[in-house]
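Step one of this worksheet: look at the structure below.
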Amino acid sequence: MSEQHELTGSRRDIWWDTYSDRADNLRESEVRSLFSVVSRPEVVSLAGGMPNIKDLPLDRLAASASELIAKHGMQALQYGAGRGWDPLREQICEIMSLEGIKADYENVVITTGSQQAVDLMTQIFVNPGDVILCEAPSYLGSLGIFGAYQAEVVHVEMDHEGLLPDELEDTIKRVRSQGGNIKFLYTIPNFHNPAGVTQSMERRQAIVDICRRERILILEDNPYGLLGFHGQTMPALQSLNPEGVVYLGSFSKMFAPGFRIGWALAPHAIRDKLIMANESVVLSPSMMGQMMIHTYLRDFDWLGQVTTYRSMYHERAKAMLDSLEQYLPACEWTVPDGGFYTWVKLPAGLDAKDMLPRAVTEMVAYVSGTAFYANERGRDHLRLSYCFPPPEEIREGVRRLSRVVNKEIEL
Ligand code: PMP
């Protein structure tokens, strides 16, 4: 038990010696600790990954919610099944077919956001000390879960086409030769958070082949898959090996995160475990949320909305990439084809974590690369999000960031 708990927060914590070892591994995320600062209106935040839902038809959604309660309130306001509501599970199969997935709705488990699906997967597979392979870098929200379950995260290098198959093979060998017990590979194949890159088709096949051969389960996390700037979609890893992949999807980015509805598609036996775990944690996912989303998919032009999102994010990505070119030529960055993020490499010697307070003084915020590793790596990188601020604010944010970077270079 660390002394950290005693010191946590502004008040003394008299229960500091009572927490579980698991709670000891719960850390405030670097993004959350920035929240109070970056929500000040004068700060341009290129930090958060909040979807921009400004174009949703709120009046029509309000009417739809009202009608849902008036007509089906007894069901919408009641508990439901732990596996999720069947009509929505069926619609989810249609959505996944856009990525080449042929799914039986019985294998879909609806969760409270895909975040909870990552948690359930970790709960049912990971004992303390087990190894989870993750890209280098990886999504900070999942790293937080893996840490809380006391997993050992081992990062695997990637490049502009995603995870490197050779590195994956070498890492598997190395971990196993050291006695490590690999439970799954966690990967974000499309519009990676934070790296902004997408796995090529060749890479997908190679990764699936290696994992099949080495008998390693893949956890494919795909909340951004439909947000390709040109409407392009890639075949899911799940479609290449349905028995070897658990696929996670979410309505957070293609519709709205407030319903907190995501899902897992899993092989039969894993699906049963996921349902039991889901029931034990939340009893059932929100019926109101599921029924609202069902109605939205049925009655609204949801794919049209996705197209609107794509072009909005594309415009913002262009604003960010153009201003990086203009203001920060000393840096390197990835060029995303969709999603919310670009991953920026600072000039040699600069430290993104140390620089952050100075950036906030200049009224711009980002997330230090260190948030996306389970070890102390990442100081040479930062994640910039272009999803939320309008293009002119993005430009201003990058201009402010360039002032900070240039001052650091001069130091
Ligand atoms: N995975 C990734 C890669 C994400 O970026 C996010 C949200 N930022 C999630 C999972 C969680 O999404 P949700 O719980 O809203 O479905």
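Summary table below
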| quantity | calculated |
| --- | --- |
| Scope region 157-181; condition in contact with a helix residue (DSSP H, G or I) (Cβ under 8 Å, 6 or more places away or on another chain), in a helix (DSSP H, G or I) and not aliphatic (A, V, I, L, M); matching residues | P165, E169 |
| So A103, is it within 16 Å of the ligand (Cβ to nearest atom) and either in a loop (DSSP other than H, G, I, E, B) or touching a residue at least 12 places away in the same chain (Cβ under 8 Å) (or both) | no |
| Test for R83: is it among the basic types (K, R), in a loop (DSSP other than H, G, I, E, B) and modelled with pLDDT of 90 or more | yes |
| All positions within region 239-254 that are more than 16 Å from the ligand (Cβ to nearest atom) and polar (S, T, N, Q) | S239, N241 |
| Some residue of region 327-341 being buried (at least 18 other Cβ atoms within 10 Å of the Cβ) and more than 25 Å from the chain's Cα centre (by Cα) | yes |
| In region 369-402, the residues that are outside any helix (DSSP H, G or I), charged (D, E, K, R) and either out of contact with any helix residue (DSSP H, G or I) (no Cβ under 6 Å at 6 or more places or on another chain) or surrounded by fewer than 17 Cβ atoms within 10 Å (Cβ to Cβ) (or both) | E376, R377, D380, R383 |
| Residue within region 286-294 that is free of Cβ contacts under 8 Å to residues at least 60 places away in the same chain, within 30 Å of T112 (Cα to Cα) and either surrounded by fewer than 18 Cβ atoms within 10 Å (Cβ to Cβ) or not hydroxyl-bearing (S, T, Y) (or both) present | yes |
| Test: residue in region 322-330 that is within 16 Å of the ligand (Cβ to nearest atom) and not charged (D, E, K, R) | no |
| Number of the condition not met by E90 [criteria: (1) surrounded by fewer than 20 Cβ atoms within 10 Å (Cβ to Cβ); (2) over 22 Å from A269 (Cα atoms); (3) at pLDDT 95 or above; (4) of a type in the set (D, E, K, R)] | (2) |
| Matching entry among S368, S284, S311, S323 (being touching an Asp or Glu at 6+ places or on another chain (Cβ under 7 Å) and among the polar types (S, T, N, Q)) | S368 |
| Condition met for I172 (crowded, with 24+ Cβ neighbours inside 10 Å, modelled with pLDDT of 95 or more and away from the ligand (no atom under 16 Å from the Cβ)) | no |
| The one condition in (1) part of a loop (DSSP other than H, G, I, E, B); (2) over 17 Å from the mean Cα position of the chain (by Cα); (3) within 16 Å of the ligand (Cβ to nearest atom) that Y309 fails to fulfil | (1) |
| Hits in region 117-136 - residues which are in contact with a Lys or Arg (Cβ under 8 Å, 6 or more places away or on another chain), not in a strand (DSSP E or B) and not aromatic (F, W, Y) | I124, V126, D130 |
| Search result, residues across region 212-238 that are more than 16 Å from the ligand (Cβ to nearest atom) and in contact with a Phe, Trp or Tyr (Cβ under 9 Å, 6 or more places away or on another chain) | I216, L217, F229 |
| For A62: the one exception among (1) of a type outside the set (F, W, Y); (2) more than 30 Å from V197 (Cα to Cα); (3) more than 16 Å from the ligand (Cβ to nearest atom); (4) touching a residue at least 24 places away in the same chain (Cβ under 8 Å) | (4) |
| Filtered residues of region 139-148 (kept if surrounded by fewer than 20 Cβ atoms within 10 Å (Cβ to Cβ) and either away from the ligand (no atom under 11 Å from the Cβ) or at pLDDT below 95 (or both)) | G147, A148 |
| Residue in region 262-278 that is closer than 30 Å to F229 by Cα, within 21 Å of the chain's Cα centre (by Cα) and in a helix (DSSP H, G or I) present | no |
| Any hit, region 255-278, residues being exposed (fewer than 15 other Cβ atoms within 10 Å of the Cβ), within 16 Å of the ligand (Cβ to nearest atom) and at pLDDT 95 or above | yes |
| Residue match in region 176-198 (condition: touching a His at 6+ places or on another chain (Cβ under 6 Å) and more than 16 Å from the ligand (Cβ to nearest atom)) | no |
| Some residue of region 100-120 being surrounded by fewer than 21 Cβ atoms within 10 Å (Cβ to Cβ) and more than 30 Å from Y79 (Cα to Cα) | yes |
| Flag for V126 being more than 16 Å from the ligand (Cβ to nearest atom), buried (at least 20 other Cβ atoms within 10 Å of the Cβ), under 24 Å from I210 (Cβ atoms) and at pLDDT 95 or above | yes |
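The values are calculated or read from the model by the stated rules, or taken from the named source; none is laboratory data. Not measured: the values here are computed from a predicted model. So basically every Cβ, Gly included, is an ideal-geometry build from the backbone, and we count neighbours across all protein chains shown.
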